[in-house]
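Q: Before anything else, here's the structure in question.
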Amino acid sequence: MKKNILLLVFTLFIFSVKAQKSFNTEYQAGYTLDYKKSNLPNAKSELTTFILLMNEKESYFKSMNVYVGDSLKYYKKIKITGDMEKDYKTLYNYNSEYPENIGTTTAKIYVTTPITTANVSYDEPNNIVWKLVNEFKNIGNAKCQKAVTTKYGRNWIAYFNPKIPLNFGPYKFNKLPGLIVELYDEKNDFHYKLYSFKKRKGVCQFANSYKNIKPVKKEKAYQWIKDSYLTTDFSEILDNADPETIRQLNRNSRKLYEQYNPIELKVN
């Protein structure tokens with residue numbers, strides 16, 4: 001099933017170009033995400049990683065796989081040929097279940113993401129409200145404080161390190177008095193953990209490599225992403241596949257649609 005969803009993203013991924021949006025970086029953090037992409041009760045967890053670039057005023061969050069792939073393309077370490085099958089094999093390891101680029105400022109959150117027919121963007125108010133809890137736990141060598149919030153249809157628990165005075169964190173979560181080092185929803189469908197943090201002075205020239213971006217409403221983007229499981233016809237993507245393989249991929253798309261478990265159950 002994972003290969004199927006990557007195929008959806010790949011149809012646009014190979015057309016990324018070097019018309020980059022750069023980002024001024026002062027700090028870099030790495031996060032793991034243990035996630036369940038299916039809403040079934042016995043769904044197994046999968047693991048992936050993300051990078052968070054930060055300065056004092058804003059942050060930029062994206063899949064580590066996509067970040068590495070973008071850097072290799074930018075520095076011409078890999079080449080896109082236009083041959084669908086060949087490029088798919090080259091770029092397979094640089095795809096992600098979560099290909100969004102997420103920029104966070106004090107006032108707004110900006111997102112760009114591919115769907116099956118376009119690259120789209122939307123923004124939303126950065127209005128998250130936390131409740132600090134008088135509970136602490138040691139994570140690594142740091143004493144971290146607990147905070148809770150309800151956002152995007154889920155109840156979230158975070159632990160932040162007040163000794164790292166950067167009010168950012170994974171995905172769209174921010175505005176705590178310290179870097180978020182652990183974040184998870186109460187069902188533990190999505191569990192982020194900080195695994196690295198360091199200073200990094202410089203400019204990331206390839207922060208956002210999507211082109212021809214179409215501004216849309218957030219509600220539209222989320223519905224299109226879910227609908228993509230049904231609207232993709234794999235016979236148009238895999239020219240040389242046998243009919244039974246195509247039928248099986250299309251059946252799996254229906255299952256993915258029915259079992260879709262997004263990070264955000266609600267858009268607000």
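Q: Quick one: which of Thr116, Thr106 is of a type in the set (S, T, N, Q), in contact with a helix residue (DSSP H, G or I) (Cβ under 6 Å, 6 or more places away or on another chain) and outside any strand (DSSP E or B)?
A: Exactly one residue qualifies, and that residue is Thr116.
Q: I've got another one for you. Residue by residue through segment 23-56, note down the ones that are in contact with a Ser or Thr (Cβ under 7 Å, 6 or more places away or on another chain) and among the basic types (Lys, Arg).
A: Within segment 23-56, just Lys36 meets the criteria.
Q: Are there strands (runs of 3 or more DSSP E) fully within segment 125-174 with at least 2 residues that are aromatic (Phe, Trp, Tyr)? List them.
A: Counting at least 2 such residues, we get 154-161.
Q: Which of the numbered conditions does Lys201 fail, given that it passes all the others? Conditions: (1) out of contact with any Phe, Trp or Tyr (no Cβ under 7 Å at 6 or more places or on another chain); (2) modelled with pLDDT under 95.
A: (2)
Per-residue answers, yes or no, for (1) open to solvent by 50 Å² or more (accessible area, probe 1.4 Å); (2) at negative phi; (3) not hydrophobic (A, V, I, L, M, F, W, C):
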{"residue": "Ser63", "(1), (2), (3)": "no, yes, yes"}
{"residue": "Tyr67", "(1), (2), (3)": "no, yes, yes"}
{"residue": "Ile80", "(1), (2), (3)": "yes, yes, no"}
{"residue": "Lys89", "(1), (2), (3)": "yes, yes, yes"}
{"residue": "Glu100", "(1), (2), (3)": "no, yes, yes"}
{"residue": "Thr113", "(1), (2), (3)": "no, yes, yes"}
{"residue": "Val129", "(1), (2), (3)": "yes, yes, no"}
{"residue": "Asn134", "(1), (2), (3)": "yes, yes, yes"}
{"residue": "Gln145", "(1), (2), (3)": "no, yes, yes"}
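Q: Across segment 57-91, what is the total count of residues that are closer than 27 Å to Tyr192 by Cα and in contact with a Leu (Cβ under 7 Å, 6 or more places away or on another chain)?
A: Within segment 57-91, residues that are closer than 27 Å to Tyr192 by Cα and in contact with a Leu (Cβ under 7 Å, 6 or more places away or on another chain) number 4.
Q: Checking Asn141 against (1) buried (at least 16 other Cβ atoms within 10 Å of the Cβ); (2) over 25 Å from Tyr67 (Cα atoms): exactly one of these is not met. Which one?
A: (1)
Q: Oh, and also: Pick from Tyr110, Tyr159: which is of a type outside the set (D, E, K, R) and under 30 Å from Lys214 (Cα atoms)?
A: Just one listed residue meets the conditions, Tyr110.
Q: For segment 210-228, which positions are assigned to a helix (DSSP H, G or I) and open to solvent by 60 Å² or more (accessible area, probe 1.4 Å)?
A: Glu219, Lys220, Gln223, Trp224, Lys226
Q: Tell me which of these Ala207 doesn't satisfy, since it passes every other one: (1) closer than 26 Å to Lys77 by Cα; (2) in contact with an Asp or Glu (Cβ under 9 Å, 6 or more places away or on another chain); (3) open to solvent by 20 Å² or more (accessible area, probe 1.4 Å).
A: (3)
Q: Please determine whether any residue of segment 175-182 is in a loop (DSSP other than H, G, I, E, B), under 30 Å from Ser71 (Cβ atoms) and open to solvent by 70 Å² or more (accessible area, probe 1.4 Å).
A: Within segment 175-182 (the criterion being in a loop (DSSP other than H, G, I, E, B), under 30 Å from Ser71 (Cβ atoms) and open to solvent by 70 Å² or more (accessible area, probe 1.4 Å)), the answer is yes, since at least one residue qualifies.
Q: Sticking with this structure for a sec: Please give the number of the condition Tyr171 fails out of (1) open to solvent by 30 Å² or more (accessible area, probe 1.4 Å); (2) at positive phi; (3) of a type outside the set (S, T, N, Q).
A: (1)
The values are calculated or read from the model by the stated rules, or taken from the named source; none is laboratory data. In this text the structure is predicted, and so the values were computed from the model without any measurement. Cβ: placed from backbone, ideal geometry, glycine included. Neighbour counts: every protein chain shown. Accessible surface areas use protein heavy atoms only, side chains included; no ligands, DNA or RNA. Shrake-Rupley method; radii C 1.70, N 1.55, O 1.52, S 1.80 Å.
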